[in-house]
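Worksheet for the structure shown next.
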Amino acid sequence: MKKVFLLALLSLLVNISLFAQKIYATKVGQIKFFSTTPTEDIDAVNNQVDSKMTDKGQIIFGLLIKGFVFENDLMQEHFNGKDYMQSDKFPKAEFKGVVTNIATVNFAKDGAYPVMSTGDLVIRGISKKQSAAGLIVIEKGKVQLKSKFKIKLKDYGIKGKDIGSVISNDIEITVDAKYN
């Protein structure tokens, strides 16, 4: 009976260790967006981005739309208004996905590791598959994720009158998350 119990306990411990994973988290990640046209450049930053990433590759980002700060108060008001983000109706944006080549990252060794992520990006309640190249940087045991990619505003139902003239059709997104 003791052997059966010990064998069952050992089996349980092995299964737990196989599924155990390290979770990296931050509540002060940064996401910037940038639009450039011959008429005007527009940029904003959100420093209140919540993100979690595991050493197995699962990743999630979440932010409040009203957390984006612009250099011009009027731009911020238009951005949050009914013609663009409708942030009262759609207060959050999120990304849920995986780092597809997480096995190439050695979390125990300092270095910069090129990675690729894929998942669902939800903006204004519309979910679209998104892939992005990035870089995971390990320095003194600290983990940082950086990425830059573009999205099409029309994919997320954003159709304000200035899109295509004052505001670019494609917006550049920059991600910088320093995990604890």
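Tabulated results
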read-out: Folded to 0 to 90 degrees: helix 2-19 orientation relative to the chain principal axis, Cα; value: 20
read-out: Residues S117, S127, S87 arranged by fewest to most Cβ contacts within 10 Å; value: S127, S87, S117
read-out: Cβ-based net charge around K89, under 10 Å, with every Lys or Arg adding one and every Asp or Glu removing one; value: +1
read-out: Structure-based [θ]222 nm, the chain - -39500 (n - 2.57) summed over DSSP H runs of at least 4, per residue, nearest 500; value: -4500 deg cm²/dmol
read-out: Span from the the range 27-77 Cα centroid across to the the range 91-166 one, whole angstrom; value: 11
read-out: Where GluC sites (Glu not before Pro) fall in DSSP loop in the range 60-158, at most 15 other Cβ within 10 Å; value: E71
read-out: Backbone HN-Hα couplings from phi across the range 145-155 [Karplus 6.51/-1.76/1.60, Hz, Gly and Pro as x]; value: 10, 10, 7, 9, 8, 10, 10, 9, 4, 5, 4
read-out: D55-K92 FRET efficiency (beta carbon distance; Förster radius 22 Å; 0.05 resolution); value: 0.25
read-out: Distance between modelled label sites at L74 and S131, nm, 7 Å Cα→Cβ extension; value: 4.2
read-out: 10 Å binning of all Cα-Cα separations within the chain, expressed as whole percents from 0 upward; value: 9, 33, 28, 16, 8, 4, 2, 0
read-out: Listed pairs K22/K129; K89/K129; K56/K161; K66/K96 exceeding 31 Å between Cα atoms; value: K56/K161
read-out: Filtered trypsin sites (Lys or Arg not before Pro), the range 99-128: DSSP coil and at most 14 other beta carbons within 10 Å; value: K109
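Each reported figure results from applying straightforward, stated rules to the coordinates on display, with no laboratory input. Since the model is a prediction, treat every value here as computed from it, not as a measurement. FYI the Cβ positions are ideal-geometry reconstructions off the backbone, even for glycines, and counts take in every protein chain you see.
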